[in-house]
Amino acid sequence: MKRKIALVCAAAMALSLAACGNTASTTSESTASESTASESSATAEAAGEEAAASDFDNTQSITVITREEGSGTRGAFIELTGVEEKNDAGEKVDNTSAGAATQNSTNGVMTTVANDETAIGYISLGSLNDTVKAVTVGGVAASAETVKDGTYTLARPFNIVTNGDATDPVAVDFINYCMSTDGQALATEDGYIGSDDAAAFESTQPSGSITVGGSSSVSPLMEKLIEAYEGVNPNASIELLTTDSTIGVSGALDGTYTIGMASRELKDSEVEAGAKATVLAMDGIAVVVNPANPIEDLTIDQIKSIYTGETTTWDAIQ
């Protein structure tokens with residue numbers, strides 16, 4: 001009897017050990033399988049990206065996207081890249097190719113470039129997102145840091161524009177807020193370059209309403225500044241109108257806007273007419289292409305040749 005019980009126990013133990021062994025083996029095999037699958041997925045993804053880049057037909061014509069003539073971003077871009085040059089009479093001439101397609105907003109440029117693998121455009125650095133790819137310019141990436149240290153050459157000011165010195169109490173108080181530590185911190189948080197030595201803000205709590213209008217590049221930042229200021233001074237009401245830099249300056253001069261917005265330096269003629277600019281923040285101009293385009297870097301001369309129509313296909317970029 002004892003011998004039978006011992007045999008039964010031994011058999012049960014053997015079956016248990018066999019089951020454990022099978023479970024361990026299965027678990028080990030499953031883990032190895034999952035690891036292999038993960039590695040294969042990563043390899044396939046990398047191969048897919050490489051294939052997508054190699055599939056790009058660089059003999060295609062370049063679709064050149066520019067901004068409207070009143071745009072401050074366009075004004076700064078053509079000046080900084082040399083697309084704008086002086087003629088024999090000393091007048092500035094915009095040599096942007098007649099074949100360039102015009103978009104009237106930053107979002108319009110980004111949407112067009114994102115949907116056309118042959119396209120190139122330029123936008124405010126603060127508006128850059130992953131729907132497009134920013135190329136480096138002369139080997140330098142567009143960033144707040146490179147704009148601030150001067151190594152990224154495509155940089156311009158965001159200007160608040162008034163007709164002489166601001167006199168409206170709400171306008172004066174709002175401009176003081178924009179230039180304060182709070183306002184400059186908002187600019188920095190949004191990817192622009194604010195001042196490091198701004199003063200603290202103390203509102204005089206004026207009552208009234210004003211209108212701010214102009215550059216579509218400055219407008220997103222201005223919207224946040226207005227919202228923050230109205231939270232500090234509920235007595236004030238500020239209307240924001242988005243047009244372009246040229247209208248922003250002329251609107252400030254003729255009284256259409258209490259404060260204008262311009263994403264470029266003021267022209268001599270505008271200063272002579274009484275326009276006064278206050279630099280709200282510095283911004284970079286990012287040169288963007290479609291993510292499918294393998295191009296990673298362009299020189300200023302190459303950008304100029306594309307925008308003047310001298311270079312018309314991607315394979316001509318050396």
- prompt: Simple spin-label model, 7 Å along Cα-to-Cβ: Thr131 to Asp268 in nm?
  reply: 4.0 nm
- line: Volume per residue (Å³) of the convex hull spanned by the alpha carbons of region 72-124 is 90 Å³
Principal semi-axes in Å for region 40-192 [√(5λ), Cα gyration tensor, largest first]: 34, 24, 14
statement: Taking N as the number of residues in region 220-305, the ratio of its alpha carbon radius of gyration to 2.2 N^0.38 Å works out to 1.48
Cα-Cα pairs of region 137-281 separated by more than 20 Å (percent): 46 percent
message: Above 20 Å lies some portion of the pair distances; for region 105-215, what is it as a whole percent of all C-alpha pairs?
response: 55 percent
query: In this model, which of Lys92/Lys133; Lys133/Lys267; Lys86/Lys133; Lys148/Lys267; Lys86/Lys304 are farther than 21 Å apart at the alpha-carbon?
result: Lys92/Lys133; Lys133/Lys267; Lys86/Lys133; Lys148/Lys267
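Every number here is computed from the coordinates shown, using simple stated rules; none is lab data. Please read all numbers here as calculations on a predicted model, not as lab measurements. Please note: Cβ atoms are built from the backbone with ideal geometry, for glycine as well, and neighbour counts cover all protein chains shown.
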